[in-house]
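Notes to accompany the following structure.
The values are calculated or read from the model by the stated rules, or taken from the named source; none is laboratory data. Please read all numbers here as calculations on a predicted model, not as lab measurements. Neighbour counts are summed over all protein chains in view; Cβ atoms, including those assigned to glycine, are modelled from backbone coordinates with ideal geometry. Just so you know, the surface numbers come from the protein's heavy atoms only, side chains and all, with ligands and any DNA or RNA stripped out. Shrake-Rupley method; radii C 1.70, N 1.55, O 1.52, S 1.80 Å.
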Amino acid sequence: MFLVDVEFALGVGFESVYSSVIAKFTSKSRSKSIKIFLRSCCIPVMEMERVTEFPLGPVDIRPRKQQRLGWDVDPIEFGLFGSEKIHGKLGEGTFGQELECWDNEKKEFVAIKIVRRIKKYRDAAMIEIDVLQQVSKYDKGGNRGRVAEHLKGKMEAPTLGSSQFITISGSLGSRRWPLKLHRNSISFKSPPKFSVRASAVGGDDSAVTLLDYGAGNVQSIRNAIRYLGLDIKDVQTPEDILNAKRLIVPGVGAFAAMMDVLNNNGMAEALCTYINNDRPFLGICLGLQLLFESSEENGIVRGLGLIPGVVGRFDSCNGCRVPHIGWNALQIEKDSVILDDVENRHVYFVHSYRAVPSEENKEWISSTCNYGIDFISSVRRGNVHAVQFHPEKSGDVGLSILRKFLLPNSCVTKKPLERKATKLAKRVIACLDVRTNDNGDLVVTKGDQYDVREQTKDNEVRNLGKPVELAGQYYLDGADEVSFLNITGFRDFPLGDLPMLQILKYTSENVFVPLTVGGGIRDFTDGNGRYYSSLEVASEYFRSGADKISIGSDAVYAAEEYLKTGIKTGKSSLEQISRVYGNQAVVVSIDPRRQYLTSPHEVGFKAVKVENLGPNGQEYAWYQCTVNGGREGRPIGAYELAKAVEELGAGEILLNCIDCDGQGKGFDIDLIKLISDAVCIPVIASSGAGRVEHFSEVFEKTNASAALAAGIFHRKEVPIQSVKEHLLNQGIEVRM
């Protein structure tokens, strides 16, 4: 039996793609069944509505026979494009079906029997498919012959080699990947192409073995490995670890949770054996920490005990903000092989816990980093490597580290060093506000004080470009992070918002810096009464490639309740996501509006003396927080909200200002100084940047860790590189 992972560009005939794949592998396999898992299947509904018999590709894929079956099957589950309009005619249930499809290898038509299990939802349809057998072959005469000649050139795909596919056995229960598309799907225009590759669950010597314990954005390391041209084999059993040729253990989340998984599945002992045998190993972040004796996260938790030392929390009392988030410099201690080209360059860290050098573990240490204290940033002994930073999120530098570990004999052109990295850099972040326009297209827009419509007769949504293309360009331009804000997320059900998930997925395949996504992350009950927790919603974003999620309105409500009762219920989206994925994965977006006062004692919220006086000469202001995209003011100030969400588990604050948004007159220095002085977590300054001088001003006058801009980058008024060069000239450390 085969498990096939199919990935193709949007706008391709869905039925012709999967039928071609089914035919190819059914004809070559001795097995009578095949499991198909399809990803990224998003066919515009406009294209769907013209058919009832699925002839979506250059080949007519027509149902020849169809009948309801009295028995059941257990194929792997996958999501379909779809709308009720198409599948409503079939109704719910299990159906037997014969399809004609094109065998791309033999250049002929075949007929196959499949089983479709259809389950309807309000906004989507889920279909499970199992191929039972190949029925017959067809000749190449008549119309089929003409179509066959057409397909010889159109359907060729070099990645369809059957040697890439692995025979598997055992339960597939852990590999159910539901994927649903909102009824109001967005039309994407992409070239008609597709590729197929193995979901590597067998024993290919060329595959990289990956231990994914199920927390955080492991999709990023998968994308980096595939970007380097290698396949991935997922660990299912301890034997998979022992048989690995090259093993990568990424880690995002809590130390205790990861050790529980390893111990309960017998993988901890296998890992120790593998590493003690000096087999090629790379641990990332938590994958480094588990090598030590224990961690103080969630109490004392035993690690693998391979390296002497205890993993402890950074101390925020020395002025360092915790988590340690951003691009920092390494001090190479010894020959590390994989870090040969990294000295004097910045790499990306995101963590709250660290291990420190000692006499007992110094023989392991290959590099250190300074953040208040010197901590261990990488270790190496023989073929065993581990790093505290994230190479998959460290741009070209990180890819070179992965390449040296995975492809040690490859020749890489070394990028000339322009400036020496010495400490934690200030970050420059590109933000993309994403929403549907009036034509149903997903576009990047930008508001003036949160109004995204042009002041014209048509009053259309301001269109500044395509999300994936812009994100890719900002990565090449040197953006330290890319942030997506789905500004219509509060109106629609997030899990049905497949286009946003698609944007994340495609962006993360080629953008190797951190990605943040916000909008609509909250608990939800759909029209059928099914409850979805905010944790489920966030998990979908993480699985699609997000490194951090941004919570807005829901965090305001949680903070209000906490300040009212003084009780942490653990039920808010902020608390749930922070507990499972770690606070470094949670950003709280604050959207305040300035309210002027004649005296700081007029209200019960923190007020400050402002540099720019109010319309009636008022010298003071408090900052009232808003929800629902700035539409509704709430009885809580930005200062009170920031302090509360820090206690509830936020790892970072994105600080906007409605008054400054889109004005290009500079950041609200009074607000940013107020909040960045009040909390011990990183603060991102947002709203108002119009010139390069505005970035140096906010870093010189406040304790902001990063500055974010949108419109000036979208309109190409100020290039990212110009911002960074200006900051360097002002003596401010940045990543180049």
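Among the residues of region 583-616, write down those that are crowded, with 19+ Cβ neighbours inside 10 Å and small (Gly, Ala, Ser). Across region 583-616, the qualifying residues are 585, 589, 607. Residue 556 falls short of the stated requirement of being under 24 Å from residue 392 (Cα atoms) and over 12 Å from the mean Cα position of the chain (by Cα).
Checking 532, 541, 620 one by one, the residue that is aromatic (Phe, Trp, Tyr) and under 21 Å from residue 650 (Cβ atoms) is 541 and no other.
Restricting region 686-711 to residues that are modelled with pLDDT of 95 or more and among the aliphatic types (A, V, I, L, M) leaves a set whose member that is surrounded by the most Cβ atoms within 10 Å (Cβ to Cβ) is 689.
Of everything in region 307-351 that is at pLDDT 95 or above and small (Gly, Ala, Ser), the residue that is nearest to residue 296 (Cα to Cα) is 312. Go through the residues of region 560-582 one by one and say whether even a single one is assigned to a helix (DSSP H, G or I), modelled with pLDDT under 95 and open to solvent by 30 Å² or more (accessible area, probe 1.4 Å). Looking for residues that are assigned to a helix (DSSP H, G or I), modelled with pLDDT under 95 and open to solvent by 30 Å² or more (accessible area, probe 1.4 Å), one finds at least one in region 560-582, hence yes.
Each residue in region 226-239 was checked for being in a helix (DSSP H, G or I) and modelled with pLDDT under 95, and 2 pass. Among the criteria (1) more than 25 Å from residue 257 (Cβ to Cβ); (2) part of a loop (DSSP other than H, G, I, E, B); (3) open to solvent by 50 Å² or more (accessible area, probe 1.4 Å); (4) not acidic (Asp, Glu), the one residue 344 does not fulfil is (3). Per the conditions (1) surrounded by 12 or more Cβ atoms within 10 Å (Cβ to Cβ); (2) modelled with pLDDT under 90; (3) in a loop (DSSP other than H, G, I, E, B); (4) touching an Asp or Glu at 6+ places or on another chain (Cβ under 7 Å), the sole criterion not satisfied by residue 438 is (1). Entry remark, region 617-634: residues being surrounded by 15 or more Cβ atoms within 10 Å (Cβ to Cβ) and acidic (Asp, Glu) number 1 in total. Taking residues in region 707-736 that are assigned to a helix (DSSP H, G or I), and partners anywhere that are among the hydroxyl-bearing types (Ser, Thr, Tyr), the pairs with Cβ atoms closer than 6 Å and at least 6 places apart or on different chains are 727/696. Residue pairs whose Cβ atoms lie under 7 Å apart, sitting 6 or more positions apart in sequence or on different chains, and linking a residue in region 305-318 that is touching a residue at least 40 places away in the same chain (Cβ under 8 Å) to a partner that is open to solvent by 20 Å² or more (accessible area, probe 1.4 Å) and in a helix (DSSP H, G or I), do not occur here. Please tell me if residue 646 is among the acidic types (Asp, Glu), surrounded by 23 or more Cβ atoms within 10 Å (Cβ to Cβ), under 27 Å from the mean Cα position of the chain (by Cα) and within 17 Å of residue 321 (Cβ to Cβ). So residue 646 fails the test. Those helices (runs of 4 or more DSSP H) of region 240-330 in which 3 or more residues are more than 20 Å from residue 379 (Cα to Cα) and open to solvent by 40 Å² or more (accessible area, probe 1.4 Å) occupy 255-264.
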